[in-house]
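S.K.: So that we are looking at the same thing, I have put the structure below in structure tokens.
The values are calculated or read from the model by the stated rules, or taken from the named source; none is laboratory data. Source: prediction; values computed, not measured. As a convention, Cβ positions derive from the backbone with ideal geometry for all residues, glycine included, and neighbour counts pool all protein chains shown.
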Amino acid sequence: MTAAPPPPTEGSSSPLARGEYAALDECTYLNQASLGLVPRTSIQAMSTFLHDVGQHGNVHLSDQDETQVLDGVRTAAAELLDAPQTSIAVLGGASEAIGQVAAVLAADLTEDAPEVVLVTTDFPSVTYPWLAAADRTFAAVAPVLRWVEDEPATDLTEQLVAAIGDRTAVVCVSAVQYSTGTAVDMEAVAAAAHAVGARVVADVTQLAGAAPVSMRTSGVDAMVCSGYKWLSAHGGVALAALSEELSVTVPPVIGWMGVDDPFDFDATQLRLAEGARRYELSTMSYASAVGLQQSLDMLNGIGMHTLAEHSRGLAYELMDLVVPAGWRPFRPLSDVAASHHIVSLRHPNAPGSKVQAALAKEHGVFTSSRAGGIRVSLHGYNTARDLRVLAEALTTLSR
Ligand SMILES: Cc1ncc(COP(=O)(O)O)c(C=O)c1O
């Protein structure tokens with residue numbers, strides 16, 4: 001006779017199976033926005049691939065196989081980002097992707113339209129290429145940077161739209177701000193930018209894999225997404241989805257994998273691949289890409305609406321637990337600009353960095369300290385029990 005399964009415990013349900021993540025047996029992990037946990041199934045797929053190819057090389061992977069090794073990632077990425085498969089490039093990192101796109105767009109800046117709209121507290125890889133463009137020959141004219149602030153009293157989308165004018169060439173912004181969780185309405189930004197002929201680059205690293213994303217409906221010109229956060233992969237792989245216009249441009253950096261048939265080896269002719277694949281450079285970390293494919297299949301299977309609904313429920317539950325102890329979110333959860341999978345908590349008497357360190361050391365609760373707050377990530381494996389552990393620790397530490 002098989003033993004009956006234990007009754008469901010209050011607060012233990014989660015759309016992502018907790019058994020997939022070793023850390024969850026050891027601690028309370030609320031940090032997917034930093035180093036995201038990778039499911040066991042994806043690690044298994046990576047290690048099988050590594051064993052096959054690392055130990056056996058071309059015995060188990062022919063040249064022909066190698067040209068197809070990223071096909072499954074492209075298909076899964078197209079579903080995740082609601083983008084045509086030909087628009088997808090699989091790259092080594094979000095920084096690589098955004099750097100390439102920024103270099104293309106910088107070459108198009110003109111004296112009449114030199115402005116690039118950026119957020120002062122955005123993730124640095126979103127802004128650094130534009131700071132560098134001022135000193136490099138790839139910029140046709142030096143970009144004029146128009147900085148917008150992410151402040152709780154204002155709507156960041158409105159600030160971005162207000163900064164767009166006749167002289168704007170590019171808006172380059174994260175769709176969800178990594179430190180505060182502020183969400184940008186990319187559709188509204190793209191509409192305002194396109195009305196003046198400007199392009200929009202959206203970094204969706206802190207959105208895709210946690211909530212729905214659509215290249216199609218947002219209308220942005222480029223999306224980039226790192227793999228090792230909400231996409232639940234290991235470092236060394238990222239996605240880009242590029243507009244048709246960007247996909248027919250000659251990328252600023254060309255690698256041998258960006259051509260139609262890399263194993264043709266005709267060093268005298270450059271036959272760039274059709275579509276965004278031309279931005280792919282090298283023999284990349286295929287093991288990371290194989291893990292990403294497995295994780296994307298898992299996330300797509302569960303669905304972004306389910307994951308977003310789960311984190312929304314947790315975020316409201318968290319407020320009920322921590323507000324009585326004096327903790328406040330960067331933005332009220334009811335604010336349209338608040339995301340629910342990244343909640344930044346602040347307390348007047350408890351400095352973020354000290355509390356974050358004590359949470360980890362004394363309470364086994366892993367969060368990040370960003371922009372003076374405790375950044376709490378709420379992913380599909382988190383449960384109400386995780387929130388109670390966090391809330392008890394925060395209450396103790398802010399007393
Ligand atoms: C919004 C955003 N973009 C990009 C990155 C970094 O991506 P990568 O390491 O792939 O360049 C991060 C890392 O925190 C991030 O939050």
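S.K.: Counting just the residues of the range 117-141 that are away from the ligand (no atom under 16 Å from the Cβ) and among the aliphatic types (A, V, I, L, M), which one comes out surrounded by the most Cβ atoms within 10 Å (Cβ to Cβ)?
M.R.: Going through the range 117-141, the residues away from the ligand (no atom under 16 Å from the Cβ) turn out to be 117, 133-141.
Those left that are additionally among the aliphatic types (A, V, I, L, M): 117, 133-134, 139-141.
Numbers: 117: 27, 133: 24, 134: 13, 139: 22, 140: 15, 141: 16.
Among those residues, the one meeting the criterion is 117.
S.K.: So how many residues does the range 179-208 have that are within 15 Å of the ligand (Cβ to nearest atom) and on the phi > 0 side of the Ramachandran plot?
M.R.: Adding up the residues that qualify gives 1.
S.K.: Right, something else. Would you confirm whether any residue within the range 322-337 is assigned to a helix (DSSP H, G or I) and surrounded by 15 or more Cβ atoms within 10 Å (Cβ to Cβ)?
M.R.: Let us first name the residues in the range 322-337 that are assigned to a helix (DSSP H, G or I), namely 322-325.
With the extra rule that they be surrounded by 15 or more Cβ atoms within 10 Å (Cβ to Cβ), the set shrinks to 322, 325.
Checking the range 322-337: at least one residue is assigned to a helix (DSSP H, G or I) and surrounded by 15 or more Cβ atoms within 10 Å (Cβ to Cβ).
S.K.: When you go through (1) among the hydrophobic types (A, V, I, L, M, F, W, C); (2) assigned to a loop (DSSP other than H, G, I, E, B); (3) over 30 Å from residue 368 (Cβ atoms) one by one for residue 105, which number turns out not to apply?
M.R.: In the conditions (1) among the hydrophobic types (A, V, I, L, M, F, W, C); (2) assigned to a loop (DSSP other than H, G, I, E, B); (3) over 30 Å from residue 368 (Cβ atoms), residue 105 misses (2) alone.
S.K.: Among the residues of the range 232-253, is there at least one that is of a type outside the set (Asp, Glu), within 30 Å of residue 330 (Cα to Cα), surrounded by fewer than 24 Cβ atoms within 10 Å (Cβ to Cβ) and modelled with pLDDT of 95 or more?
M.R.: yes
S.K.: Could you tell me which residue of the range 182-199 is surrounded by the fewest Cβ atoms within 10 Å (Cβ to Cβ), considering only residues that are more than 16 Å from residue 116 (Cβ to Cβ) and without any contact (Cβ under 8 Å) to a residue 40 or more places away in the chain? Talk me through it step by step, then tell me what you get.
M.R.: Step one: filter the range 182-199 for residues more than 16 Å from residue 116 (Cβ to Cβ), giving 182-183, 185-188, 191, 195.
So of that shortlist, the ones also without any contact (Cβ under 8 Å) to a residue 40 or more places away in the chain come out as 186-188, 191, 195.
Values: 186: 27, 187: 15, 188: 16, 191: 15, 195: 11.
Step by step, filter the range 182-199, then rank; the result is 195.
S.K.: Just to be sure before I move on: is residue 236 touching a residue at least 60 places away in the same chain (Cβ under 8 Å) and of a type outside the set (Val, Ile, Thr) in the structure I sent?
M.R.: Numbers: touching a residue at least 60 places away in the same chain (Cβ under 8 Å): yes; of a type outside the set (Val, Ile, Thr): yes.
In short, yes.
S.K.: Scan the range 51-72 residue by residue and report those that are part of a helix (DSSP H, G or I), within 14 Å of residue 285 (Cβ to Cβ) and in contact with a Phe, Trp or Tyr (Cβ under 9 Å, 6 or more places away or on another chain).
M.R.: Selection gives 53, 66.
S.K.: Filter the range 229-280 down to the residues that are under 16 Å from residue 85 (Cβ atoms), away from the ligand (no atom under 16 Å from the Cβ) and not in a loop (DSSP other than H, G, I, E, B) and list them by number.
M.R.: Listed by number, the residues that qualify are 242, 244, 246, 247, 275, 276, 277, 278.
S.K.: Let me ask something additional. If you take the residues in the range 73-89 that are within 30 Å of residue 141 (Cα to Cα) and not in a helix (DSSP H, G or I), which one is farthest from the ligand (Cβ to nearest atom)? Break it down stepwise before answering.
M.R.: Looking only at the range 73-89, we keep the residues that are within 30 Å of residue 141 (Cα to Cα), and these are 87-89.
Next, only the ones that are not in a helix (DSSP H, G or I) stay: 88-89.
Numbers: 88: 16, 89: 13 Å.
Here the residue is 88.
S.K.: Listed residues 87, 62; which is modelled with pLDDT of 95 or more, among the hydroxyl-bearing types (Ser, Thr, Tyr) and surrounded by fewer than 21 Cβ atoms within 10 Å (Cβ to Cβ)? Write out each step before concluding.
M.R.: Details: 87 fails: surrounded by fewer than 21 Cβ atoms within 10 Å (Cβ to Cβ).
Sole residue among the options that is modelled with pLDDT of 95 or more, among the hydroxyl-bearing types (Ser, Thr, Tyr) and surrounded by fewer than 21 Cβ atoms within 10 Å (Cβ to Cβ): 62.
S.K.: Scan the range 297-319 and tell me whether some residue there is in a helix (DSSP H, G or I), touching an Asp or Glu at 6+ places or on another chain (Cβ under 8 Å) and acidic (Asp, Glu).
M.R.: no
S.K.: Right, something else. Name the single residue that is nearest to the ligand (Cβ to nearest atom) among those in the range 91-102 being part of a helix (DSSP H, G or I) and of a type in the set (A, V, I, L, M). Let's see the steps before the verdict.
M.R.: In the first step, residues of the range 91-102 are kept if they are part of a helix (DSSP H, G or I); the result is 94-102.
Subsequent filtering for residues that are of a type in the set (A, V, I, L, M) retains 94, 97-98, 101-102.
Numbers: 94: 4, 97: 8, 98: 8, 101: 13, 102: 13 Å.
This residue is 94.
S.K.: Considering only residues that are farther than 22 Å from residue 264 by Cβ, touching a residue at least 12 places away in the same chain (Cβ under 8 Å) and of a type outside the set (A, V, I, L, M), which ones fall in the range 55-83?
M.R.: Within the range 55-83, 72, 79, 82 meet the criteria.
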